[in-house]
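Below is one structure, written out as structure tokens; comments come after it.
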Amino acid sequence: SSLLGLSFIPLRDEGAEKERVKKISVWETNFSSAETGTISDEADNLINKRKRAVCKIKWPPGGSGTGVLIGKREILTNFHVLKEMRKAYESNRDNQRYTATFHVSGHEHKFYFTGTRPLSHDENLDYAILELDSEPDSALNIPSLGPFISSITDTTQFVVVIGHPSGGSKQLQYCHVAKIADEFAIHVKFGNPQAPAPHPDRVLYQTHEMYWGSSGSPGFNSDGNVILLHTKGFFPYYNRPSVIEQGIKLTSIVEHSRSKLTGEKFDELFPTFSSSSQGNVLFGGIQTMDVQEGE
């Protein structure tokens, strides 16, 4: 409250009390949300099944990130994660040191990358699609999330980010989408070169856990579909933990990869899109399709 210049303690002076309440009202109007983060039981079950597709990425000597299975053996992560892997690969070309580990039912299942050459990537959109050396066994019930990509809309109020912050165990956090009116954003943007400029391919949201190691985490909407790729944050206040993160819209990533992948591979990874023209993007609603998902 001190950082925002707000006081939640009533004041005796009538004029001062009116000014205090006015400041809180302005903050609530422009910075807060009435969204409770509620999702249906069906969507919660879907997210619990689909989070099996989230993996921990490791590379030498101690690098860590997050990825998500979008195909039979294709992993989507951040381009800046790939850049760090490439740096490490210059001095250590042992492919068994570059791993993607899925945590299923209390057990670890480790796979290896075929190398650091992506099927598709873009530094501006900060994404890369890499291949594993083998497919996860069907008995593991690890779903491919390529068919379950949905669009972010103006009504999207929160995102469920799932990843491996600090290279640790899998974490889940409900993050409110940050919708701040420009005229009230001076406390975030003034003198802060890290604050991102508005961009149609990105969305901002609040988080308190998803920092280092969670780059490449998928974000789910209230229907259980994936909508963004967690990428990086910035410091609203100097010398304070970052609480504003940004993600890349998965629909933007899909459209970019359309020109990089073969038609056959594109259709395999993203069957709800057409390789020749824009397909039917999911605008909310539970999407289950005819794809086997683990119980």
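If the chain linking Asp44 and Glu17 were pulled fully straight, counting 0.36 nm for each residue of separation and taking away their Cα-Cα distance, it would gain 5.4 nm.
Partner lysines whose Cα lies under 22 Å from the Cα of Lys18, excluding those fewer than 8 positions away in the same chain, are not found. Couplings 3J(HN,Hα) for region 51-57, derived from phi with the Karplus relation 6.51 cos²θ - 1.76 cosθ + 1.60 (θ = phi - 60°), are 5, 4, 6, 7, 10, 8, 9 Hz, where x marks Gly and Pro.
Starting from the Cα gyration tensor of region 62-166, take the square roots of the eigenvalues, sort them a ≥ b ≥ c, and report rounded, prolate or oblate (rounded when a/c is under 1.5, otherwise prolate if a/b is larger than b/c, else oblate). In terms of gyration-tensor shape, oblate. Which entries in Lys58/Lys265; Lys72/Lys110; Lys49/Lys170; Lys49/Lys110 show an alpha-carbon gap greater than 23 Å? Long pairs (Cα-Cα over 23 Å): Lys58/Lys265.
Its convex hull of Cα atoms gives region 116-158 a direction-averaged projected area, equal to a quarter of the hull surface, of 5.2 nm².
Taking a straight Cα-Cα cut-off under 16 Å and skipping sequence neighbours fewer than 8 places away in the same chain, the aspartates and glutamates within cross-link reach of Lys22 are Asp13, Glu14.
Per-residue packing, averaged as other Cβ atoms within 10 Å, sorts the ranges 153-160, 216-223 into the order 216-223, 153-160, beginning with the highest.
Placing a pseudo-label 7 Å from each Cα along the Cα-to-Cβ vector at Glu135 and Glu209 gives an inter-label distance of 3.3 nm. At full extension, Glu90 and Thr262 could sit 59.1 nm farther apart than now, given 0.36 nm per residue minus the alpha carbon distance.
Read-outs: derived from the displayed coordinates by stated rules, not from any lab. Since the model is a prediction, treat every value here as computed from it, not as a measurement. For neighbour counting, all protein chains shown are included, and Cβ atoms are generated from backbone atoms with ideal geometry for every residue, glycine included.
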